[in-house]
Amino acid sequence: MRSDPFRLGLFIAAAFSVLGLYLPFWPAWLEERGLDDAQIGSLALAWAVTRGLASPLWAHFVDRSGHRRRWLIGIAFASTLAFLPFGLVPQQAGELFPLLLALTILFAGVHAALLPLGENLLLLQARERGLDYGRMRLWGSVSFVVASTVGGRLIADGHESRTWILLLGLLALGALAAPALPPDPVRERGPRPSMPVASVLADRRVLAVLVGGGIVQASHAVYYVFSTLHWTAAGHSTDEIGLLWSEGVVAEALLFAAARPLVARFGPRGLLGLALVGCTLRWSALALSTDLGVLFGVQWLHALTFSAAHLAVMTQLSRAVPASHSATAQSLYGTMNIAAHALTLLVATPIFHRAGAVAYWPMIGVALIGCCVGWWGMGAADTESGASGGKPEA
């Protein structure tokens, strides 16, 4: 149906808007509740680790059942309910840290699968019905920018307490949008896979794509964690830095809008090559300059460093992984991403604290390693199973 891309895009937009508000502003809400930096950092770590562990577990059950839409509806409503108790947390809640930790783990564990399963449904719809994955996915990038920009204005000037109600509203919007999702594009017949996680990890071609893609994304670690600090120290204002971040996400959305012709022209390996070129140029420029004109110029390269690499992995997964294992593969990609970021930060953080922007130089090497691993996996997959291949369902 013509309305299906709209319904899929609406759900993805609602899901990404939650992250657009949660990631930049939830720490401020916790600080307003009296938590110190160490406690906030511990909650952020618990949130990330829980998501990395929970997402493949959810996907395992989804792939075994074969009912993605049904699970997405349940998880969307459960995420909204899991977030409700935060509204009962009083001011000066530092002594309630164990309770906040438990609530954070609960919310992260339930919410973890929402985005991977949503993207998985996009991929299956695109593969089976000829829809444009990039055109649907771009609304996630757009909604992230809108949520972070509008949310920042709404909670400015001491209104951090509004963050919870805004997030709850966005979660509820996603829960209301989920039942309108189109039916699963494929009614898979035959025996369901008993161990989809093991099957995906046992395929060295797919594993190389997942690991390589995660490593390429981890080359953004210094940018994600330290760029705002670095640019602030260089004298740039909060508004200027906000525009730089928004520009990167706009570039990301523009590439997704042109995804179909780009995939047709370059293929997954070509897109990965473009990502490596983008990483080399971007991280070199950020290591060498804090000039505002240079920064605005290279932020457009986010279209290559993030979007091209992500599109390469998504395209290859849609070709090399059967539908019965696709949710698991999608969630494992997110887990590899988190793990690679954590390991990269272990190396990059001491370098940044000692030498500042010098920490960007090793990120070129990280991107090179990731592209080589992913390139090999994509090449092996093309050789062994062809462009529309995929191993038989287990």
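The values are calculated or read from the model by the stated rules, or taken from the named source; none is laboratory data. Here the structure is a predicted model, which is why all the values come from computation and not from measurement. Note that each Cβ is placed from the backbone with ideal geometry, even for glycine, and that neighbours are counted across all protein chains shown.
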Say whether the condition of being modelled with pLDDT of 90 or more, within 15 Å of the chain's Cα centre (by Cα) and either in a helix (DSSP H, G or I) or assigned by TED's automatic domain parsing to the domain that holds GLY41 (or both) is met by at least one residue in segment 187-210.
yes
Hey, SER237 hits all of (1) touching a residue at least 12 places away in the same chain (Cβ under 8 Å); (2) small (Gly, Ala, Ser); (3) surrounded by fewer than 17 Cβ atoms within 10 Å (Cβ to Cβ) but one; which does it fall short on?
(1)
Looking across segment 117-163 at residues that are in contact (Cβ under 8 Å) with a residue 12 or more places away in the chain and outside any helix (DSSP H, G or I), the single one that is nearest to VAL263 (Cα to Cα) is ASP132
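Pick from ALA112, ALA59, ALA108: which is over 20 Å from LEU23 (Cα atoms) and buried (at least 22 other Cβ atoms within 10 Å of the Cβ)? It would help to see each step written out before you state the result.
Values: ALA112 fails: over 20 Å from LEU23 (Cα atoms); ALA108 fails: over 20 Å from LEU23 (Cα atoms).
Unique residue meeting the criteria: ALA59.
Please go through segment 25-42 and give me each residue that is surrounded by fewer than 20 Cβ atoms within 10 Å (Cβ to Cβ) and part of a helix (DSSP H, G or I), ordered by number.
Quick first cut of segment 25-42, residues surrounded by fewer than 20 Cβ atoms within 10 Å (Cβ to Cβ) only: 27-28, 31-32, 34, 36-42.
Correct list: PRO27, ALA28, GLU31, GLU32, ASP37, ALA38, GLN39, ILE40, GLY41, SER42.
Name the residue that is nearest to VAL150 (Cα to Cα), counting only residues in segment 211-244 that are in a loop (DSSP other than H, G, I, E, B) and more than 19 Å from the chain's Cα centre (by Cα). Break it down into steps so the answer makes sense when it comes.
Here is the first cut: in segment 211-244, the ones in a loop (DSSP other than H, G, I, E, B) are 219-220, 234-237.
This time we only want the ones that are more than 19 Å from the chain's Cα centre (by Cα), so: 234-237.
Numbers: ALA234: 26, GLY235: 24, HIS236: 21, SER237: 18 Å.
Result: SER237.
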Do the conditions hold for ARG135, that is, is it farther than 16 Å from SER331 by Cα and either buried (at least 23 other Cβ atoms within 10 Å of the Cβ) or of a type in the set (Lys, Arg) (or both)?
yes
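Only one of these is touching a residue at least 24 places away in the same chain (Cβ under 8 Å) and either out of contact with any helix residue (DSSP H, G or I) (no Cβ under 9 Å at 6 or more places or on another chain) or of a type in the set (A, V, I, L, M, F, W, C) (or both): LEU317, LEU229. Name it. Explain how you work it out, then say what you get.
Numbers: LEU229 fails: touching a residue at least 24 places away in the same chain (Cβ under 8 Å).
From the options LEU317, LEU229, the qualifying one is LEU317.
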Just give me the residues in segment 6-23 being modelled with pLDDT under 85 and surrounded by 20 or more Cβ atoms within 10 Å (Cβ to Cβ), in sequence order.
GLY20
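For segment 75-99, how many residues are part of a loop (DSSP other than H, G, I, E, B) and out of contact with any Leu (no Cβ under 9 Å at 6 or more places or on another chain)? If you could, list the steps in order and put the result at the bottom.
We begin by selecting, within segment 75-99, every residue part of a loop (DSSP other than H, G, I, E, B); these are 89-93.
Filter again for out of contact with any Leu (no Cβ under 9 Å at 6 or more places or on another chain), leaving 91-92.
So the count comes out to 2.
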State all residues of segment 114-137 that are out of contact with any Leu (no Cβ under 8 Å at 6 or more places or on another chain) and on the phi < 0 side of the Ramachandran plot; if no residue qualifies, say none.
PRO116, GLU119, ASN120, LEU124, ALA126, ARG127, GLU128, ARG129, ASP132, ARG135
All but one of (1) at pLDDT 85 or above; (2) closer than 19 Å to MET314 by Cβ; (3) out of contact with any Lys or Arg (no Cβ under 6 Å at 6 or more places or on another chain) hold for ALA221; which doesn't?
(2)
State which residue is modelled with the lowest pLDDT when the search covers only segment 278-318 and only residues that are buried (at least 23 other Cβ atoms within 10 Å of the Cβ) and hydroxyl-bearing (Ser, Thr, Tyr).
SER318
Give just the number: which of (1) out of contact with any Pro (no Cβ under 9 Å at 6 or more places or on another chain); (2) modelled with pLDDT under 85 does GLY152 not satisfy?
(1)
